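The values are calculated or read from the model by the stated rules, or taken from the named source; none is laboratory data. These numbers were taken from a predicted model, which means no experiment stands behind them. Cβ placement follows ideal geometry from the backbone for every residue including glycine, while neighbour counts extend to all protein chains displayed. We work out accessible area using only protein heavy atoms, side chains counted, and drop any ligands, DNA or RNA first. Shrake-Rupley method; radii C 1.70, N 1.55, O 1.52, S 1.80 Å.
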Amino acid sequence: MSKATKGTILPRKVAQNMAIVGEQIRLARLRRDLSIADIAARATCSELSVMRVEKGSPSVAMGIYLRVLFALQLDDDILHIAQKDEIGRNLQDLDLKQRKRSSKKG
């Protein structure tokens, strides 16, 4: 596997989620009646980068995604990622329940 393709192979669910995010960004742009050129100018990136973001491309840097979200005034949405973390909280609770008291030092 070449280095160029190694980082772009994603599990199917991740690829689907990336495509959904890209589509949501595209729809947000269209609802605001903005062109790709408008967003590229506001996000200080190329039009090609914006097109790749809207396709959910994994090769686009996260910073570009954030700049596009900022250009759409949606940058605070990123703060909701991993906010709930139900699995992590459940694991933490299990660990807390299983802790034993420390021995008394005599």
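A few points about this structure:
- Odd one out for Met18, checked against (1) part of a loop (DSSP other than H, G, I, E, B); (2) at pLDDT 95 or above: (1)
- Test set (1) open to solvent by 60 Å² or more (accessible area, probe 1.4 Å); (2) charged (D, E, K, R); (3) more than 17 Å from the chain's Cα centre (by Cα) - Arg29 fails condition number: (1)
- For first residues located in region 25-39 and more than 16 Å from Ile64 (Cβ to Cβ) and part of a loop (DSSP other than H, G, I, E, B), partners that are open to solvent by less than 30 Å² (accessible area, probe 1.4 Å) and at pLDDT 95 or above and lie 6+ apart or on another chain with Cβ distances below 7 Å form the pairs Arg32/Leu72.
- Taken together, the residues in region 10-41 that are acidic (Asp, Glu) and within 14 Å of Val53 (Cα to Cα) amount to 1.
- First in region 65-87 and open to solvent by 100 Å² or more (accessible area, probe 1.4 Å), second anywhere and outside any loop (DSSP other than H, G, I, E, B), Cβ under 7 Å, 6 or more apart: Phe70/Ala43
- Selection count, region 35-60, where residues are within 19 Å of Asn17 (Cα to Cα) and either open to solvent by less than 60 Å² (accessible area, probe 1.4 Å) or modelled with pLDDT under 95 (or both): 9
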